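Undergrad: Sharing a structure, written as structure tokens. Questions coming.
The values are calculated or read from the model by the stated rules, or taken from the named source; none is laboratory data. All figures in this text were calculated on a predicted structure; none of them were measured in a lab. Reconstructed Cβ throughout: ideal geometry from the backbone, glycine too, with neighbour counts over all protein chains shown.
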Amino acid sequence: MRTSNYGIKDIILNRWSPRAMSGENIPDDEMMALFEAAGWAPSSYNGQPWRFVYAKRDSGSWNGFFSLMSEFNQSWTKNAAVLVIVVSKKTFDRNSKPSRTHAFDSGAAWENLALEASGRGLVAHAMEGFDYERAAKIINLPSEHEIHCMVAVGKPGKKDDLPEKLREKEEMSGRRPLEEIVIEGKFR
Ligand SMILES: Cc1cc2nc3c(=O)[nH]c(=O)nc-3n(C[C@H](O)[C@H](O)[C@H](O)COP(=O)(O)O)c2cc1C
């Protein structure tokens, strides 16, 4: 159980990254709601550099996406409903200049997606354990774009159905104390 010292909202405190998923599909409307939530993130000049490339488990794209992942990540994402590759465009549409914050903006969008998923009782779990170069080929990544991570989305499953090694990890993690991450004025 997570606790807050300052009364932060439950939606933030209760989001976490489970691995147990049921293998069921998610209705398209629900999936689109997650992308819609992601799209409401703030971004520099409202440039909205995030792009979400997805594969549903019963689609022709699934095997390609699935094959990108490390064995570890495959061991639990096999029960996901959707795999999403989070991409951002590195230049602004408005003037073609490089964006300093495209990755930062897209990180905010992913968190919106995760919060919406969590609020709806769905799992959304980010991953960097996959082959980024091959992913770029598979999704036909345009130039001036960058892949940031993959997200497994699904309906929650039973902890007991996870591979044994993962069962003990299936719990909410803690966080560093604020003193370690908040700095007044300058680093000391
Ligand atoms: C960018 C990113 C990459 C991650 N990569 C993996 C991964 O490859 N495999 C995995 O099982 N979890 C991965 N995670 C999940 C983190 O381990 C998890 O978010 C972190 O331990 C905090 O736990 P919480 O999300 O449950 O609060 C990743 C998370 C992020 C944000």
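Undergrad: Which of the residues belonging to the stretch 1-23 are more than 17 Å from the chain's Cα centre (by Cα) and either of a type in the set (V, I, T) or surrounded by 14 or more Cβ atoms within 10 Å (Cβ to Cβ) (or both)?
TA: Matches in the stretch 1-23: R2, T3, I8, S22.
Undergrad: What pairs come out if I take residues in the stretch 3-22 that are under 17 Å from E179 (Cα atoms) and pair them with residues that are within 12 Å of the ligand (Cβ to nearest atom) and aliphatic (A, V, I, L, M) whose C-beta lies under 7 Å away, six or more apart or interchain?
TA: S4/L13
Undergrad: Given the criteria closer than 19 Å to M32 by Cβ, out of contact with any Phe, Trp or Tyr (no Cβ under 8 Å at 6 or more places or on another chain) and either surrounded by fewer than 20 Cβ atoms within 10 Å (Cβ to Cβ) or at pLDDT below 95 (or both), does R134 qualify?
TA: Judged against the criteria, R134 is not a match.
Undergrad: Have a look at E170, E146 and point out the one that is within 25 Å of S99 (Cβ to Cβ) and among the acidic types (D, E).
TA: The conditions single out E146.
Undergrad: Looking only at residues in the stretch 103-131 that are farther than 24 Å from Y45 by Cα and away from the ligand (no atom under 13 Å from the Cβ), which one is surrounded by the most Cβ atoms within 10 Å (Cβ to Cβ)?
TA: Checked the stretch 103-131; the qualifying residue surrounded by the most Cβ atoms within 10 Å (Cβ to Cβ) is L122.
Undergrad: Just wondering, is there one or more residues in the stretch 72-92 that are surrounded by 19 or more Cβ atoms within 10 Å (Cβ to Cβ), outside any loop (DSSP other than H, G, I, E, B), of a type in the set (S, T, Y) and touching a residue at least 12 places away in the same chain (Cβ under 8 Å)?
TA: Yes, some residue in the stretch 72-92 is surrounded by 19 or more Cβ atoms within 10 Å (Cβ to Cβ), outside any loop (DSSP other than H, G, I, E, B), of a type in the set (S, T, Y) and touching a residue at least 12 places away in the same chain (Cβ under 8 Å).
Undergrad: Scan the stretch 59-82 for residues that are within 19 Å of A124 (Cβ to Cβ), more than 12 Å from the ligand (Cβ to nearest atom) and out of contact with any Lys or Arg (no Cβ under 8 Å at 6 or more places or on another chain) and jot them down.
TA: S59, S61, F65, K78, N79
Undergrad: Moving to a separate point now. Report yes if some residue within the stretch 142-160 is surrounded by fewer than 17 Cβ atoms within 10 Å (Cβ to Cβ), under 21 Å from P18 (Cβ atoms) and within 16 Å of the ligand (Cβ to nearest atom); otherwise report no.
TA: Yes, the stretch 142-160 contains a residue that is surrounded by fewer than 17 Cβ atoms within 10 Å (Cβ to Cβ), under 21 Å from P18 (Cβ atoms) and within 16 Å of the ligand (Cβ to nearest atom).
Undergrad: Moving on to the next point. Check A135 against each of (1) part of a helix (DSSP H, G or I); (2) away from the ligand (no atom under 14 Å from the Cβ) and name the one condition it does not meet.
TA: Going through (1) part of a helix (DSSP H, G or I); (2) away from the ligand (no atom under 14 Å from the Cβ) one by one, A135 breaks only (2).
Undergrad: Name the single residue, out of those in the stretch 1-47 being within 30 Å of P98 (Cα to Cα) and in a loop (DSSP other than H, G, I, E, B), that is farthest from the ligand (Cβ to nearest atom).
TA: Taking the candidates together, the pick is G47.
Undergrad: Among (1) without any contact (Cβ under 8 Å) to a residue 24 or more places away in the chain; (2) acidic (D, E); (3) crowded, with 17+ Cβ neighbours inside 10 Å, which single condition is D28 missing?
TA: Result: D28 passes all but (3).
Undergrad: Now for a separate question. Determine which member of the set S143, S173 is in a loop (DSSP other than H, G, I, E, B) and either more than 23 Å from F35 (Cα to Cα) or charged (D, E, K, R) (or both).
TA: Numbers: S143 fails: either more than 23 Å from F35 (Cα to Cα) or charged (D, E, K, R) (or both).
Being in a loop (DSSP other than H, G, I, E, B) and either more than 23 Å from F35 (Cα to Cα) or charged (D, E, K, R) (or both) holds for just one of S143, S173, which is S173.
Undergrad: Starting from the stretch 104-132, take each residue that is over 17 Å from R19 (Cβ atoms) and list its partners that are assigned to a helix (DSSP H, G or I) and within 12 Å of the ligand (Cβ to nearest atom), counting only C-beta distances under 9 angstrom and pairs at least six apart or across chains.
TA: The qualifying pairs are L115/I12.
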